[in-house]
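The values are calculated or read from the model by the stated rules, or taken from the named source; none is laboratory data. Predicted model, so just to flag it, every value in this text is computed and none were measured. Counting neighbours? That spans all protein chains shown, and the Cβs are built from the backbone with ideal geometry, glycine included.
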Amino acid sequence: MKEIAENVWHIDTLGYVNAYVWRWEEGLTLIDTGLPWQGKHILKAIEGAGFKVGDIREIIITHADFDHYGGLRVIREATGARVYVHAIEAMFFKGRWRRWPNLRHPLGVLYLPLHTLLMLTLFRIPRLNPDLLVVDGEELDNGLSVLHTPGHTPGHIALFGKERGVLFTGDALVNWRGKLSLPPAMFTPQPDILKQSIRKLARLRGVEVAAPGHGSVIREKAGEAIRAFAKKVAPPPKRRPRKAPTREGVPRQPKAKPTSKSG
Ligand SMILES: [Zn+2]
């Protein structure tokens, strides 16, 4: 584990995906749980940094993709930690919904049979009742606030620790090879909504460190980098010029005639 801010660590040995540890008064909060075979690895990494498994009190899942909830079952069983997900994303964990690829993307359609097979077998979403359903704007006791950032998935969240200046972006944006980028289009069914989410992240003030779901952590001036990225990939939609409102049946008021000055 690598410390990326005071009391915040990056589990940087998972390879493809990231997970993070956030320490506060009650213990540790784990943000995301890696791929399905990485639960034990995450527990070992946390122990290797001098903590006990029982120190993990909370697990927050940014979104229901197998590379983010993969180790959840193992870690929850080992720790008894409370599990938090967004209220919408919780539907996936209750087994009611499946996560589809983007069916408007040509590769998404081609990939559909394989994706369905994997989601029903190897990458099955663990059925569980989350302990807390979080919503946008919620401020958690651990000092993190919840930002609903849909687009990649409907109940995707980012987490912002304002006092420490750390933003966990999940897959709302990723930082492959040190370059901010969008998550893969094939797995992002609502790209326009994702852009709104990216603008939302760019509006935050006081972001020093950005901790993405994939790629490297930005250690300094992350807010500036995110604003520049948002400007490039998600410029605000142009506003249509507003037409002057007309009320039918209501005669326009005649313009007041200029009054002649007297005296
Ligand atoms: Zn991911």
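The residues of region 152-179 that are more than 13 Å from the ligand (Cβ to nearest atom) and either in contact with a Lys or Arg (Cβ under 8 Å, 6 or more places away or on another chain) or assigned to a loop (DSSP other than H, G, I, E, B) (or both), listed by number, are PRO154, GLY155, GLY165, ARG177, GLY178. Against the test of being of a type in the set (S, T, N, Q) and within 16 Å of the chain's Cα centre (by Cα), the options THR33, THR79 yield a single qualifying residue, THR33.
Just one of (1) crowded, with 19+ Cβ neighbours inside 10 Å; (2) over 19 Å from the mean Cα position of the chain (by Cα) fails for LEU144. It is (2).
Pull up region 1-26, narrow it to residues that are among the small types (Gly, Ala, Ser) and crowded, with 17+ Cβ neighbours inside 10 Å, then point me to the one that is farthest from the chain's Cα centre (by Cα). Don't jump to the end; show me each part of the working.
Within region 1-26, the subset among the small types (Gly, Ala, Ser) is 5, 15, 19.
Within this subset, residues satisfying the condition of being crowded, with 17+ Cβ neighbours inside 10 Å are 5, 19.
Numbers: ALA5: 19, ALA19: 13 Å.
My answer is ALA5.
For GLY108, are the conditions met, namely being modelled with pLDDT under 85 and either under 22 Å from THR29 (Cα atoms) or part of a helix (DSSP H, G or I) (or both)? Outline the logic, then answer.
Details: modelled with pLDDT under 85: yes; either under 22 Å from THR29 (Cα atoms) or part of a helix (DSSP H, G or I) (or both): yes.
Criteria met by GLY108.
When region 57-79 is filtered for residues that are more than 15 Å from the ligand (Cβ to nearest atom) and under 18 Å from VAL134 (Cβ atoms), the ones remaining, listed by number, are ARG57, GLU58, ILE59, ARG76. Within region 52-67, residues that are free of Cβ contacts under 8 Å to residues at least 60 places away in the same chain and hydrophobic (A, V, I, L, M, F, W, C) have Cβ atoms under 6 Å from residues that are away from the ligand (no atom under 11 Å from the Cβ) and in a helix (DSSP H, G or I) in these pairs: VAL53/LEU43; VAL53/ALA78; VAL53/THR79; ILE56/THR79, counting only partners at least 6 apart in sequence or on another chain.
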